[in-house]
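Working notes, beginning with the structure itself.
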Amino acid sequence: MVADNITTVRAEELYRKAEELRHNASSPMDYLRDIVGMDWGEEGLGALYYLESTATGERVVLKAVATDRKNAFLPSVSSLWKTAKIKEREVFDFFGIRFTGNPDMRRLFLREDWKGYPLRKDYDINSNPLNMENEVNADVTEEYTLRPDGTIEGHENTVFGSDDFVVNIGPQHPSTHGVLRMRTSIDGENIKRIDPILGYIHRGIEKMNENLTYPQTLALTDRLDYLSAHQNRHALCMCIEQAAGIEISERAQYIRTIMDELQRIDSHLLFYSCLVMDMGGLTPFFYGFREREMILDIMEETTGGRLIQNYNVIGGVQADLHPDFQRKVKEFIKHLRSVIKDYHDIFTGNVIARQRLIGVGVLSKEDVISLGTTGGTGRASGWSNDVRKHHPYAMYDKVDFREITRTEGDSFARYMVRMDEIMESCHIIEQLIDNIPEGEYRVKTKPIIKLPEGNFSTSVESSRGEFGVMLESHGDKYPYRLHYRSTGLPLVDAMDTVCRGQKIADLIAIGGTLDFVIPDIDR
């Protein structure tokens, strides 16, 4: 059992402490992994700040509490990390904590007219009957400033003015990859600003977790980023296992690692298919689906599922591998190596694809770190952020593989990183597939699991970046708080930064190369 080491700071000292850590000479905490809103009852409302140094890999957790529940304020850290702006909005949306200095304190997932804050422990579940009225989006948001005398002053900021020409991209548009709506102001063909509207399929999964036992919480992870179902559930199982002190077998570790990499190939093949489809290429769309079906067939024989994977369980995996699993995986990898050239011949070298991707939608290394855009998006800008390398888990410290990075930071670089990662995943699987040790695939666990008190967190490298699990236990069979670090929220937040000044036609290609999945964002 390794609980998180948390440093508590007074609310008025939070910004100073955060700034000190952000600019620390030996280990600057330049990556804000997440902000997790919390309701600590009589202690107050607050947040946990998960920080990491990209230079040293060191991780720090800060805790800040606003003791006045009726008028909860914390200082914003959005001037230190760009991703804090949207993550503070999430905390406000669910807990009602306002952040002084954040220029945009609107709701993020819920309607503007929503009553109350659902993740508070005293929230009245019946306070919001079904509302079928059309929602009008607020174009005015309040910013709060802390005066020297300790009082709070509010003033209004405008999202879009009366002179802005605003068009809707989505939420029904296929190229938004789900029910995402982007209010986009344009000047002629050029994008001036993007305001993402989220929450169209918000399901309250984190609230539901509070009334589920630990084994029951597993069912919901597959419905977050459904193209990282194995990896999501791996992270949650690993967090619970570490907190409970459950040691799983080496066989289960091998199986989990292989399944994670098959899932990564499956996801990247779909990324390829959807990107070329978004850009008008129908034939390569079928290429990607042809090979992806082979992976789903292999996984289905062992797990029983194709899209929704309920295979990882606390203590190992649900069932042993199908007798044909190893043979079929090796045959598939041999086949994929023989056809990957066709993918590149038809699209990568295509003059239209290159003109629409190269030099388009550039993100700097500083931006991807500040925005927290992990995974292939960050690595395409030169940020080495692969959790498998920097914080190894399962069998990743026992296999040899390259972390694929590029420096261009454009749409083409983001595309190529994922295409190269497909082959690297094949390389990882090849090292494991013939060496799976004998042994039990699952250790016995109690049907009711109680975790010791404390805060626990883990993260894995999902198909889109760092997927994190943050868990607070009060020694009960239910989690007091179970939060997931969405890989997609920072990605969709980056759309405003990366698209400004680009053509409206470039927005679809840029969004395709960022590769966000909407249920993962909305949770």
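The table that follows gives values for the structure above.
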item	result
Residue count for region 232-249, restricted to those that are within 16 Å of Gln318 (Cβ to Cβ), in a helix (DSSP H, G or I) and not β-branched (Val, Ile, Thr)	7
Looking only at region 80-94, and only at residues there that are basic (Lys, Arg) and either touching a residue at least 60 places away in the same chain (Cβ under 8 Å) or touching a Pro at 6+ places or on another chain (Cβ under 9 Å) (or both), the one that is surrounded by the fewest Cβ atoms within 10 Å (Cβ to Cβ)	Lys85
Residue match in region 3-10 (condition: part of a strand (DSSP E or B), at pLDDT 90 or above, out of contact with any Lys or Arg (no Cβ under 8 Å at 6 or more places or on another chain) and not aliphatic (A, V, I, L, M))	yes
Complete set of residues in region 360-392 that are of a type outside the set (A, V, I, L, M, F, W, C) and over 20 Å from Ala55 (Cα atoms)	Gly361
Lone unmet requirement of (1) among the charged types (D, E, K, R); (2) closer than 30 Å to Asn190 by Cα; (3) in contact with a Phe, Trp or Tyr (Cβ under 9 Å, 6 or more places away or on another chain) for Arg500	(3)
Any hit, region 366-389, residues being surrounded by fewer than 16 Cβ atoms within 10 Å (Cβ to Cβ) and assigned to a helix (DSSP H, G or I)	yes
Residue ranges of helices (runs of 4 or more DSSP H) in region 250-347 with at least 3 members out of contact with any Leu (no Cβ under 8 Å at 6 or more places or on another chain) and modelled with pLDDT under 90	250-278, 283-303
Cβ-Cβ under 6 Å pairs, at least 6 apart or on other chains, region 428-447 side in a loop (DSSP other than H, G, I, E, B), far side surrounded by 18 or more Cβ atoms within 10 Å (Cβ to Cβ) and of a type in the set (Phe, Trp, Tyr)	Ile436/Tyr254
Every residue from region 95-114 that is without any contact (Cβ under 8 Å) to a residue 40 or more places away in the chain and either in contact with a Leu (Cβ under 7 Å, 6 or more places away or on another chain) or aliphatic (A, V, I, L, M) (or both)	Met105
Positions within region 328-365 being hydroxyl-bearing (Ser, Thr, Tyr) and either under 18 Å from the mean Cα position of the chain (by Cα) or surrounded by fewer than 20 Cβ atoms within 10 Å (Cβ to Cβ) (or both), in sequence order	Ser338, Thr348, Ser364
Contacts under 9 angstrom Cβ, first residue in region 300-313 being more than 13 Å from Ala219 (Cα to Cα), partner assigned to a loop (DSSP other than H, G, I, E, B) and among the aromatic types (Phe, Trp, Tyr), 6 or more apart	Thr302/Tyr311; Thr303/Tyr311; Gly304/Tyr311
Residue count for region 436-464, restricted to those that are in contact with a Leu (Cβ under 8 Å, 6 or more places away or on another chain) and of a type in the set (A, V, I, L, M, F, W, C)	3
Index of the failed condition, Arg223 passing every other in (1) at pLDDT below 90; (2) within 26 Å of Met416 (Cβ to Cβ)	(2)
Of all residues in region 50-79 being of a type in the set (Val, Ile, Thr) and within 21 Å of Thr8 (Cβ to Cβ), the one that is most open to solvent (accessible area, probe 1.4 Å)	Thr67
Which numbered condition Ser411 misses (of (1) small (Gly, Ala, Ser); (2) in contact with a strand residue (DSSP E or B) (Cβ under 6 Å, 6 or more places away or on another chain); (3) surrounded by 24 or more Cβ atoms within 10 Å (Cβ to Cβ))	(2)
The listed residue being among the charged types (D, E, K, R), under 22 Å from the mean Cα position of the chain (by Cα), at negative phi and open to solvent by 10 Å² or more (accessible area, probe 1.4 Å), out of Arg233, Arg251, Arg290	Arg233
Per-region count, region 319-349, residues among the β-branched types (Val, Ile, Thr) and under 17 Å from Gln431 (Cβ atoms)	2
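Residue-wise test of (1) under 27 Å from the mean Cα position of the chain (by Cα); (2) surrounded by 10 or more Cβ atoms within 10 Å (Cβ to Cβ); (3) over 21 Å from Asp522 (Cβ atoms).
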| position | (1), (2), (3) |
| --- | --- |
| Pro118 | yes, yes, no |
| Asn126 | no, no, yes |
| Leu130 | no, no, no |
| Ala138 | yes, yes, no |
| Thr141 | yes, yes, no |
| Leu146 | no, yes, yes |
| Asp149 | no, no, yes |
| Ile152 | no, yes, yes |
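The values are calculated or read from the model by the stated rules, or taken from the named source; none is laboratory data. This is a predicted model, so every value here is computed, not measured. Using ideal geometry, Cβ is built from the backbone for each residue, glycine included, and neighbour counts are taken over all protein chains shown. Quick note on the areas: whole protein, heavy atoms, side chains included, nothing else; ligands and nucleic acids left out. Shrake-Rupley method; radii C 1.70, N 1.55, O 1.52, S 1.80 Å.
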